[in-house]
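The values are calculated or read from the model by the stated rules, or taken from the named source; none is laboratory data. As the structure is a prediction and not an experimental result, all values here were calculated from the model. Glycine also receives a Cβ, built like all others from the backbone with ideal geometry; neighbour counts cover every protein chain displayed. Please note that ligands, DNA and RNA were not included when accessible areas were found on the heavy atoms of the full protein model with its side chains. Shrake-Rupley method; radii C 1.70, N 1.55, O 1.52, S 1.80 Å.
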Amino acid sequence: MNVTALSERLGLEKDEFLELVELFLETGKSDLGQLKVAVQTEDIEEVVKSSHSIKGASGNLGFMEIFEVAKDVELNARQDRLDGASEAVDTIKKHLDQIAIEITGETA
Amino acid sequence: MNENKNLTILLVDDEPIGIKVLERTLKKEGYHVITAYDGPTARTIASKNQPDLILLDIIMPGEDGFEVIRQLKEDPRTVHIPVIFLTGKDGVDSKITGFDLGAVDYITKPFHGQEVLARVRLHLQLSLATNTLISSQADRLRQIKDAQESMLVSPEDIPGANFGVCYQSLLEAGGDFYDVLQISDDIYGYFVADISGHDIATSYMTSAVKALLKQNCIPIYQPAESMRMINHVLEEILQEGKYLTACYARLNRKSETMSLINCGHPPAVYIPKNGDVELIKLMGDVLGAFHDVFFEVKDIHVRRGDRFFLYSDGLIERPGDKNVWTKGLEDLSNACRDLRDMPVVDAVACLRDVMHQKTKVFEDDIVVLGIEV
């Protein structure tokens, strides 16, 4: 993750950006938890809602890998499909963990 | 930039991270930022705080962005505030819907900070330029003192407009006024107004209104925008308590559309070639009295041979019964029906005579303007 490039893209200072990333990690974790449950219980409406929210937040910060994955889940769910959704949950989880590690490095 | 310090931007998005990112980006440039997480809150804030610009997300739970802008544009207190849509959708349809509803621009998410700032700056500049234009037009008009009668167009002046007119001024400085403008090759504007009062100031007003029409009835403005611009200037130059009622019709021959606006004026008469007479009743504020105004617009698909009559209230009012138009309008509909085969150039005077038969007294100025498509 190139923090400098990501912050510049948004026109923010590095520390401002990192603050928002921390906020994102918190909300992202809770959204992802909801998404996971929704996928397991096949609650389509909730899948759309939580994936949309992950998509929006990640896109706004420039985490495009997460954005793309969440977008696919949302689009599929809007067509009543959940294929690939549980793999997507894992992928997003991996990315979030990765970001968390890098952030700790940056803030340390 | 220093000049940004008084400019306020309202951010509306249900996604907190997005709001925070934009808020910081904008604050850095010196803008004052207010945020709202849902539509109803956004509308309340817009109307109370009067932001200079609104950034509005389309997809939100409950009231979505389309509904929010629809309501903002219906509210006189918020209609003038430029709205930029934030959209995750790249579908052309949603963009068109946004523009149709009155958005000035859109920004596709995920956004780039510099792009947001550039678009915000552009639309704030446009909006400020419009406001400056209004005050500079008002300044210029304060100095105009032209004669009144010489300002009225006759049908020969603009043959393409295909209209007939009957103008009768009761007093020397009449309060009624009409104008016909060629806006572009295929677009014509028709305007009939009644200015309150009959004094010198009133006659001076007619030249001002004429100049305003020329400046503001131009291809880049939709009819309601033209009327709003004119209203803003009139509001600045009119004395307290003065106002005018008006009816504005814009005919686009290419798209075969007649757009009508009514600013507190009696309804225009529409006579389709193969249909019955119809009174076009529209809501709209009078011009020059209020800062925030709303005009309902009616677009009618017209065919060759369709007719419209615009007129001043003198035509339908009767002695001792000034405020009731009902009977007068009924008579007018019937008269228009009877005269439907007469050339429009002659029909206008005939219409006045027929209506005069009913009222017997000329109590007011009268203008009758007939248009044939």
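General observations
- In the range A:1-51, residue farthest from B:P61 (Cα to Cα) [restricted to those that are more than 9 Å from chain B (Cβ to nearest Cβ), in a helix (DSSP H, G or I) and among the acidic types (D, E)]: A:D15
- Residue-level analysis places B:G30 outside the set of residues that are among the small types (G, A, S), over 23 Å from A:E16 (Cβ atoms) and more than 10 Å from chain A (Cβ to nearest Cβ).
- Number of positions in the range B:34-79 that are more than 20 Å from B:E225 (Cβ to Cβ) and of a type in the set (D, E): 5
- The range B:24-67: number of residues that are open to solvent by 40 Å² or more (accessible area, probe 1.4 Å), under 16 Å from B:V79 (Cα atoms) and touching a residue at least 60 places away in the same chain (Cβ under 8 Å): 1
- So B:D14, is it acidic (D, E), open to solvent by less than 10 Å² (accessible area, probe 1.4 Å) and within 14 Å of another protein chain (Cβ to nearest Cβ): no
- Entry remark, the range B:239-261: residues being part of a loop (DSSP other than H, G, I, E, B) and over 21 Å from B:D313 (Cα atoms) number 6 in total.
- The residue that is surrounded by the most Cβ atoms within 10 Å (Cβ to Cβ), among those in the range A:61-72 that are in contact (Cβ under 8 Å) with a residue 24 or more places away in the chain and facing chain B (nearest Cβ under 10 Å), is A:L61.
- Of all residues in the range B:36-58, at least one satisfies being within 14 Å of another protein chain (Cβ to nearest Cβ) and at pLDDT below 90.
- Strands (runs of 3 or more DSSP E) wholly inside the range B:262-322 that include at least 2 residues being open to solvent by less than 50 Å² (accessible area, probe 1.4 Å) and outside the structural domain of B:K48 (by TED's automatic domain parsing): B:268-271, B:278-280, B:307-311
- Considering residues of the range A:19-48 that are free of Cβ contacts under 8 Å to residues at least 12 places away in the same chain and either more than 11 Å from the chain's Cα centre (by Cα) or open to solvent by less than 10 Å² (accessible area, probe 1.4 Å) (or both) only, the residue farthest from B:L22 (Cα to Cα): A:T41
- Sub-6 Å Cβ pairs linking a first residue in the range B:221-246 that is touching a residue at least 60 places away in the same chain (Cβ under 8 Å) to a second residue that is among the charged types (D, E, K, R), at least 6 apart or interchain, are B:P223/B:R250; B:T245/B:D194, ordered by first then second residue.
- Checking B:K27 against (1) over 19 Å from A:L61 (Cα atoms); (2) out of contact with any helix residue (DSSP H, G or I) (no Cβ under 9 Å at 6 or more places or on another chain), the condition it does not meet: (1)
- Residues that are of a type in the set (F, W, Y) and either open to solvent by less than 40 Å² (accessible area, probe 1.4 Å) or in contact with a Gly (Cβ under 9 Å, 6 or more places away or on another chain) (or both) were ranked within the range B:88-137; the one that is farthest from the other protein chains (Cβ to nearest Cβ) is B:Y106.
- Residue tally, condition surrounded by fewer than 24 Cβ atoms within 10 Å (Cβ to Cβ) and part of a helix (DSSP H, G or I), over the range A:75-84: 3
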